1. Of the residues Lys302, Lys225, Lys143, which exhibits the maximal mean-square fluctuation in a Gaussian network model of the chain defined by a 10 Å Cα contact cut-off?
2. Taking a threshold of 27 Å on the Cα-Cα distance, which of the pairs Lys143/Lys225; Lys114/Lys143; Lys143/Lys293 fall above it?
3. Which peptide among 125-132, 111-118 comes first, and what is the full order, when sorted by highest mean count of other Cβ atoms within 10 Å?
4. Based on the mean of other beta carbon atoms within 10 Å per residue, what is the order of 244-250, 66-72, most packed first?
5. Kindly identify the stretch 107-218 as rounded, prolate or oblate by the Cα gyration tensor criterion: order the square roots of the eigenvalues as a ≥ b ≥ c, call it rounded if a/c is under 1.5, otherwise compare a/b with b/c, prolate if a/b is larger, else oblate.
6. Highest first, please rank the peptides 163-173, 332-342 by the mean number of other Cβ atoms sitting within 10 Å of their residues.
7. I'd like the orientation of helix 226-235 relative to the chain: the angle between its Cα long axis and the longest Cα principal axis, in ° from 0 to 90, rounded to 10.
8. Can you work out D for the chain in µm² s⁻¹ from Stokes-Einstein, where Rh is the Kirkwood radius over C-alpha pairs, the temperature is 4 °C and the viscosity is 1.567 mPa s?
Amino acid sequence: MSGSTFGSLFRVTNFGESHGPAIGCVIDGCPPGLALGVEDIQPELDRRRPGTSRHVTQRNEPDAVEILSGVYEGLTTGTPICLLIRNTDQRSKDYGNLLDTFRPGHADYSYWRKYGLRDPRGGGRSSARLTAPMVAAGAVAKKWLRLQHGTAFTGWMSQLGEIAIPFEDAAQIPLNPFYAPNAGIVPRLEAYMDDLRRAGDSCGARIEVRATGVPPGLGEPLFDKLDAEIAYAMMGINAVKGVEIGDGFGVVAQRGTVHGDNLTPAGFASNHAGGVLGGVSTGQDLVVAIAIKPTSSIRQPKASIDRAGLPTVVETFGRHDPCVGIRATPIAEAMLALVLMDHALRQRAQCGDVVLPVDAIAALAGPAGPAA
């Protein structure tokens, strides 16, 4: 299947199906000499894996990663790295009623029209389960970026359905299943999800990701702009329907006197642009937000058709996330890391010998300014 490879110099090819024997990826282009082991990857997969709370799918997958190639005596060799995650808790019988019909809002119909056949078990290649290998690859990118540039990633949920989640404390993000930076709102989020699950319905979410310590100069003119490739990566995540960089759609109501981020001897005074100007990183924080649609697999009856074009009604059984956004934070972080990793290698290849005057470097190295 075409469209399964992401990246240019740091290339990740994703393989497998939701209910197949295994899923995984092959990473090509990782620099040699990076200390890498399962312990660098598994914690990121544990953040994304199913069955971790009552608010997500109860499919019980350990998501234990295996490194099959590309690492020798604990160091990357520069050759392709194959990462494998075995599927151990499939329940394909839950999808028996979907063989001849299509879930509204899901990829069932469009895959059938494209290929003439489809794997109905858990959605096959359209399943969000295929984000696990990207999280694994993102863990490799995160480590290299941290060691080379001091780049760090923070993601959180800023809205669940109709409930906005004010950012209060980043330390709270890993302490609740919603990745909410606000301990006080968690009981309300839990009650909201309990009601949703009882109703057999689903909701969407807004996820935000921030990368700090981003080197300036990443990105290319025109079609390989850094923000364009970030948007491309984020739209590649299942159920994402919108991407914002910086102030995003908020710029519509802004004036130029507000939006333009003033430069001072101490650095940028604000960050309305989200860390990208003209498609190239400024060295400020990269600020990205994504909108995730409601889960398509729900128990509520929905009107559909069968393969003969006749009307029918679809009810989805099995184990599904009432809100796929709950587990999306580590996925968004991983995809942002993959984009930055690829562009860092591209920048090193083309412009590694570019040296700015000392005074210019000092000015740009100042505080990035507050987020707008």
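Since every read-out is calculated from the coordinates, none of them should be taken as a lab result. Keep in mind that what you see is a predicted model, and the values were worked out from it rather than measured. All Cβ positions, glycine included, derive from the backbone under ideal geometry; neighbour counts span all protein chains shown.
1. The residue that fluctuates most here is Lys302.
2. Working: Lys143/Lys225 24 Å; Lys114/Lys143 38 Å; Lys143/Lys293 30 Å.
Lys114/Lys143; Lys143/Lys293, as the Cα separations exceed 27 Å there.
3. Numbers: 125-132: 23.2, 111-118: 12.8.
Highest to lowest by the protection proxy: 125-132, 111-118.
4. On the way: 244-250: 17.6, 66-72: 15.4.
Averaged packing, sorted descending, gives the order 244-250, 66-72.
5. Numbers: a/c = 2.65, a/b = 1.13, b/c = 2.35.
Oblate, because a/c is 1.5 or more while a/b does not exceed b/c.
6. Details: 163-173: 14.0, 332-342: 28.5.
Those peptides, ordered most packed to least, come out 332-342, 163-173.
7. The angle comes out near 10 degrees.
8. Working: Rh = 21.8 Å.
Translational D for this selection: 59 µm²/s.
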